[in-house]
Structures are given as structure tokens and as C-alpha cells.
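Notes for the one structure printed next.
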Amino acid sequence: MRRLIPALILAAGALVLVVVLLAGPLSPSQEPEPTAAAPASTAAAPERVSTVLSSEFEDGTDGWEGLGTAEVTTREGDARSGASSLLVSGRTEAWNGALLDLQGVVTPGTEHTLSVWVRLAPGAAGTEPAAADAGGDETGDTGDRAVAAGGEADELQLTVRRDADGERVYDHLVHTPVGTDAWVELRTAYTLPEGSQHPELYVESTGTLADLLVDDVTVTKEAPPVQTDIPALRDALAADFPVGTAVGRQDLEGAPAELLTRHFSTITPENALKPTSLQPHEGEFTFEQADQVLDFAVEHGLAVHGHTLVWHRSTPDWFFRAADGRELGPSAEDQALLLARLEAHVRAVADHLQERYGDANPVRTWDVVNEAIDPEEDDGLRRNQWYAVLGPEYVAHAFRIAREAFGPDTVLYLNDYGTEGAAKRRAAADVVRRLLDEGVPVDGVGHQMHVNLGVPVSRIEDTIATFADLGVRQAVTELDVAIAESPDEALDHTPRERLDEQGLYYQDLLAAFRRHPGAVSSLSVWGLYDARSWLRAWPTERPYEAPLLFDGDLQAKPAYWGLVDPARLD
Ligand code: XIL
């Protein structure tokens with residue numbers, strides 16, 4: 001198998017190359033078109049599941065809270081995957097742990113699979129075990145016993161607490177021995193009984209009061225069949241632009257993968273190409289997750305939008321610290337160090353892509369700098385750690401380094417959110433104009449376009465017109481339309497009328513893009529289906545938010561029809 005994969009990649013690469021050569025020159029306003037799919041894999045059919053929740057703790061606590069006296073924070077450096085995990089500290093009783101509200105997340109009466117990776121925090125060994133019983137409840141132990149990967153005889157367990165008939169009930173689901181030396185999985189099937197109220201999932205111990213680490217939480221359920229009798233999005237929008245979505249590893253098999261390859265022609269790794277994922281420690285590159293997504297892209301003939309090289313978030317702290325832990329400042333020496341790190345990072349990514357994929361490298365476009373704009377500042381640039389050390393020049397450096405590393409055919413974007421707002425639009429346009437005047441190789445502007453039903457489409461259209469006048473490419477990179485009318489509106493269900501309104505919104509948006517033919521080079525939504533949306537966990541838990549084109553059962557929503565065939569909207 002190990003030898004098969006490079007062979008497959010080479011074969012797919014050759015196919016892609018032939019197709020690209022046959023396809024002839026690219027039209028200037030369009031992203032490179034996706035290429036023909038390689039033959040389908042013959043691997044055994046994976047489980048047909050959809051993900052209803054995943055927490056990776058790469059960028060916050062993902063809606064988890066401390067239980068009892070416990071507090072939760074993200075912990076960089078000790079992760080099962082990526083760069084960080086959830087640290088649970090301040091535990092004074094065995095049941096004090098990390099808790100997540102499951103209301104609206106799991107469907108009562110439906111079986112779900114829960115998987116939570118845990119370990120004791122390094123340095124936690126030797127903490128006095130408490131005598132108390134876990135949970136302090138009467139339900140007894142009905143859980144499966146998982147196998148420990150080593151360590152001390154402390155146990156962690158997964159519990160759901162809920163109200164039923166006015167009583168608090170504790171379902172102890174699974175427990176496993178755990179130590180400080182290895183991550184172990186708490187995994188179990190669970191069906192929330194009908195009629196339960198306020199279900200909450202938590203990780204607790206059966207004795208130890210040590211600090212805990214939690215990572216890579218997933219809740220999945222069986223997915224209904226993917227609709228095969230509706231048009232493929234990419235066909236419906238073929239005359240407009242390639243259509244893409246953000247993906248994580250949960251989307252690469254089973255029903256989600258079927259949905260993905262049926263409708264989309266480009267993908268953006270949601271987190272796998274961020275600096276935290278690729279270089280969690282200086283000089284230690286971890287390409288596994290990225291390779292997984294990119295191999296999938298090559299196998300299925302999908303183009304990849306690279307996200308992202310330079311950002312103030314999802315960038316490990318070590319980038320901005322000297323060897324002695326001191327924060328870097330604007331001295332010549334520190335500037336040289338940070339620039340060298342930037343260059344080393346970008347070059348390592350480019351070299352890896354070249355080595356693994358050669359001419360079949362599916363990453364044709366990159367968000368080189370993400371979220372750099374701040375309209376409140378005179379020069380329009382956000383004061384972040386890059387700026388603090390390198391000054392405004394860091395943006396130009398990043399683009400020049402990227403051009404050098406990826407070559408002239410890779411399209412380089414300055415990507416930002418909120419560009420539909422007048423002030424941010426103006427600031428972004430000024431920054432781009434300045435960069436172009438200085439000869440900085442910026443090819444385009446990425447509009448994240450995280451909007452909600454309260455944002456007038458006319459604002460978005462003004463933005464598209466503004467940048468079209470500037471003559472730069474534009475990509476819609478992270479589109480989602482929250483059904484909340486403002487970021488503060490808390491929904492306690494997903495109202496049908498909002499979904500209908502959202503269908504009209506997507507319709508209006510497409511109509512606006514079509515009034516500016518050729519201005520938008522690609523359109524990507526930020527997630528394959530609603531339950532996979534980042535908005536479910538950000539800025540707080542929002543289990544009823546539904547910003548995407550397909551619902552939690554992977555079925556087409558009015559939002560999909562708004563893009564594909566508005567006549568189908570009521
Ligand atoms: C988000 C991802 O969707 C989450 O999974 C992650 O925890 C945090 O980042 N703007 C961006 C994206 O540029 O990288 C963000 O993605 C969403 C906002």
C-alpha cells in the first residue's frame with residue numbers, strides 16, 4: 001500500500017497533466033478549471049456517516065466549558081492532531097471536567113457515535129487521586145471498556161447528564177485507563193432517549209484530580225442517501241465560476257465525500273494548511289492531514305485553494321518568540337529572524353507540494369495573507385504580531401516570498417472578512433492599490449463573505465464593482481449566510497421561514513455576481529453541510545445556525561435551490 005500511493009499519485013498526476021495540456025490556455029478571469037476525475041477507488045465502502053459535531057480546539061474552546069471548579073483553555077503544544085488541545089484544570093472533584101451542551105446537536109431517538117480523545121496533562125502524574133466516586137450518581141456503570149495505551153491506572157470517562165421527567169439522569173457511557181504518555185480514545189454508541197431535556201456531554205475522571213487534555217471530539221450519525229436526482233452545483237454554475245467548499249478530514253469518506261465530489265470542483269482545506277497544522281513546532285512539519293485532503297483532491301480531480309500562509313491566528317506562538325522565550329520586537333535582528341521563519345515556512349510548503357505532487361499539485365491558488373486589513377488604522381493594516389516586528393512591509397514580503405516559492409502560475413490572494421462593509425472595502429482597496437503600485441505580486445482579493453440575512457446584497461455588489469475597477473481578480477473564499485439576522489441573535493430552533501429567506505438571499509447574491517460577468521473567479525462556501533459549519537461553535541455554541549447549502553442530513557436546502565434553480569423556491 002505504501003508503495004501504491006506514490007504510484008497512484010504519479011498516475012493521477014500524469015492524467016491531470018494531460019488534461020491540463022489538452023484544455024489549452026486558461027481564460028484570464030477564471031481559476032484553473034478542475035480536471036477529470038481519476039478512476040474511483042476500489043477500497044471497501046466506508047461507513048455512511050455524517051458529522052454532527054467536531055471540536056479540534058485549534059482556535060478556541062469550541063463551546064466547551066469547565067464543569068464544577070474546572071476551567072477550560074486551549075493548550076498549545078500538546079495535541080493529538082494539529083497544534084492545540086483543550087486543557088482542563090482546577091479540578092477539585094473527580095466529576096469536575098469539560099462539558100459541552102448537546103441541546104440541538106444530537107437528535108433524540110437516533111443513534112450517534114461519540115469519540116473523544118483524552119490523556120492526562122504532562123506533568124499531571126503524581127496528583128493525589130480523590131476518593132470520591134465519579135459523578136456521584138446512582139446509574140451504575142454500563143459503559144464499554146476501552147483499551148488503554150499505557151500510563152497510570154487513572155480512568156477517564158464520558159458521561160451524558162440530562163433531565164428526564166423532572167429528574168437529573170447520568171448516563172456513564174464509557175471509561176478507559178489513561179496516563180500522561182499517550183492519547184486514548186473514549187468511543188461509544190449513544191442514543192439520547194426521547195423526551196430528554198438539557199443533555200450535556202462531559203469528560204470526568206473516576207478518581208484523579210489531575211489536569212486533563214481533550215482533543216479531536218466527533219459526534220457522528222448515520223447519513224441518509226445523498227440525493228442523486230438534483231443537478232450538480234458545479235454544472236449549474238459552470239458558466240459563472242468553479243464552485244468550492246471548505247473541507248476537513250470528516251468530509252473525505254462515505255456520504256459526505258459523495259456529496260462533495262458530486263457538487264464541487266474546488267476545495268479549501270478548512271484547517272489543514274494553516275501554520276498551526278503544518279508547523280506546530282519550529283522545523284517540525286506535519287503534513288499528514290494536508291496530504292490526506294490533497295491526495296483526495298488529486299484522486300478526484302479537484303482544484304485546491306490554499307489557506308493560509310500568514311495570519312495573526314492559527315499561527316504557533318513560537319513564530320514570534322526568540323529562543324529564550326522573549327517576544328520578538330522590531331530590532332533588525334528580530335526582523336531577520338521572523339523573515340527567515342516566514343521564508344522557511346513558505347518554502348517548506350512549496351517544496352513538499354512539489355515533491356509529493358509535481359506537476360499534479362492541486363493547489364493553484366493561495367490566501368497568502370489573511371485578515372490583514374483594519375480600516376481604523378491610517379495605513380489600513382491590522383496591528384498584529386507580524387506588523388509589530390516587521391511593520392507594514394510584512395505583507396509585501398509575504399507575497400514576494402510566495403511568488404518566489406510557488407512560481408508565476410499560482411494565484412496569490414489577499415484574503416479578508418467584512419469587505420462588504422464600506423470602511424473595510426475602502427481600506428482593502430487602498431492597501432491593494434498601494435501594493436500594486438509598489439510592484440508587489442498580489443493577483444487578487446479574496447472576500448471571505450461571512451454574512452448573515454441582515455447584510456444587504458447591494459453592499460456585496462458594491463464591493464465586487466470596486467475591485468473589478470481595480471483590475472484584480474476576486475474570489476469569494478468562505479461564503480456562508482447565517483440565518484441569524486445579526487451576530488448577537490440567539491436562535492433556539494432553525495425556523496423554516498429563515499431557510500426560505502436564505503434561499504432568496506443566495507439567489508440575489510448570484511444575480512449580483514452575474515451582473516458583473518467575469519469579476520468573480522471562484523465561489524467557495526465555508527463548509528459542506530450545516531452541521532459542519534464553523535458557526536455552530538463560533539463565537540459561541542449555535543446548534544441551530546444553518547448557513548450553508550445542504551442540511552445536517554446532507555439534503556439540498558432552499559439555499560442550494562437559490563443558486564441552482566430559483567424557480568424551485570416557494
Ligand atoms: C475557522 C475554521 O472553520 C474552524 O474549524 C477553526 O476552528 C477556526 O477557523 N476566517 C478564516 C478561516 O480565514 O480560517 C476560519 O476558519 C473562519 C474565519
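For this structure, a couple of remarks:
- Top-ranked residue in segment 517-529 [being more than 12 Å from the ligand (Cβ to nearest atom) and assigned to a loop (DSSP other than H, G, I, E, B); ranked as surrounded by the fewest Cβ atoms within 10 Å (Cβ to Cβ)]: Pro517
- In segment 284-403, counting only helices (runs of 4 or more DSSP H) that sit wholly within it, the ones holding 3 or more residues that are touching a strand residue (DSSP E or B) at 6+ places or on another chain (Cβ under 8 Å) and either more than 28 Å from Ala428 (Cβ to Cβ) or not aromatic (Phe, Trp, Tyr) (or both) span 288-300, 332-357.
- Some residue of segment 443-466 being within 16 Å of the ligand (Cβ to nearest atom), touching a residue at least 60 places away in the same chain (Cβ under 8 Å) and of a type in the set (A, V, I, L, M, F, W, C): no
- In segment 357-376, the residues that are free of Cβ contacts under 8 Å to residues at least 60 places away in the same chain and open to solvent by 60 Å² or more (accessible area, probe 1.4 Å): Glu376
- Among residues of segment 48-88, those that are closer than 16 Å to Glu185 by Cα and charged (D, E, K, R), counted: 3
- For segment 397-433, the tally of residues that are within 16 Å of the ligand (Cβ to nearest atom) and buried (at least 21 other Cβ atoms within 10 Å of the Cβ) stands at 9.
- Screening Leu436 on (1) touching an Asp or Glu at 6+ places or on another chain (Cβ under 6 Å); (2) surrounded by fewer than 22 Cβ atoms within 10 Å (Cβ to Cβ); (3) part of a helix (DSSP H, G or I) shows it passes everything except condition (1).
- Residue in segment 530-548 that is open to solvent by 40 Å² or more (accessible area, probe 1.4 Å), more than 16 Å from the ligand (Cβ to nearest atom), at pLDDT 95 or above and not in a loop (DSSP other than H, G, I, E, B) present: no
- Filtering His312, His307 for residues that are out of contact with any helix residue (DSSP H, G or I) (no Cβ under 7 Å at 6 or more places or on another chain), within 14 Å of the ligand (Cβ to nearest atom), modelled with pLDDT of 95 or more and in the same structural domain as Tyr357 (by TED's automatic domain parsing) leaves a single hit, His307.
- Single residue of Gln354, Gln289 found to be within 16 Å of the ligand (Cβ to nearest atom), open to solvent by 20 Å² or more (accessible area, probe 1.4 Å) and either touching a Leu at 6+ places or on another chain (Cβ under 9 Å) or not hydroxyl-bearing (Ser, Thr, Tyr) (or both): Gln289
- Test: residue in segment 218-230 that is surrounded by fewer than 22 Cβ atoms within 10 Å (Cβ to Cβ), free of Cβ contacts under 8 Å to residues at least 40 places away in the same chain and part of a helix (DSSP H, G or I): no
- Positions within segment 469-497 being touching a Leu at 6+ places or on another chain (Cβ under 7 Å) and crowded, with 21+ Cβ neighbours inside 10 Å, in sequence order: Val476, Leu479, Asp480, Val481, Ala482, Ile483
- Unmet requirement for Ala297, which otherwise passes all of (1) within 14 Å of the ligand (Cβ to nearest atom); (2) among the hydrophobic types (A, V, I, L, M, F, W, C); (3) assigned by TED's automatic domain parsing to the domain that holds Leu353; (4) surrounded by 23 or more Cβ atoms within 10 Å (Cβ to Cβ): (1)
- Test: Arg433 is touching a helix residue (DSSP H, G or I) at 6+ places or on another chain (Cβ under 8 Å), without any contact (Cβ under 8 Å) to a residue 60 or more places away in the chain and either among the basic types (Lys, Arg) or not assigned by TED's automatic domain parsing to the domain that holds Glu501 (or both): yes
- Being within 16 Å of the ligand (Cβ to nearest atom) and of a type in the set (Val, Ile, Thr) is a property that Val440 lacks.
- Summed over segment 328-343, the residues that are touching a residue at least 12 places away in the same chain (Cβ under 8 Å) and open to solvent by 50 Å² or more (accessible area, probe 1.4 Å) give a count of 4.
- Hits in segment 53-94 - residues which are part of a loop (DSSP other than H, G, I, E, B), open to solvent by 30 Å² or more (accessible area, probe 1.4 Å) and within 11 Å of the ligand (Cβ to nearest atom): Glu56, Glu58, Asp59, Thr61, Asp62
- A single entry from Pro269, Pro224, Pro199, Pro256 fulfils the requirement of being more than 16 Å from the ligand (Cβ to nearest atom) and more than 23 Å from Leu87 (Cα to Cα): Pro224.
- Ala246 vs. criteria without any contact (Cβ under 8 Å) to a residue 40 or more places away in the chain, within 14 Å of the ligand (Cβ to nearest atom) and within 24 Å of Ala372 (Cβ to Cβ): no
The values are calculated or read from the model by the stated rules, or taken from the named source; none is laboratory data. Treat the numbers as computed from the prediction; the structure is a model and nothing was measured. Ideal geometry is used to build each Cβ from the backbone, glycine not excepted, and the neighbour counts take in all protein chains shown. All accessible areas refer to the heavy atoms of the entire protein, side chains included, with ligands and DNA or RNA removed. Shrake-Rupley method; radii C 1.70, N 1.55, O 1.52, S 1.80 Å.
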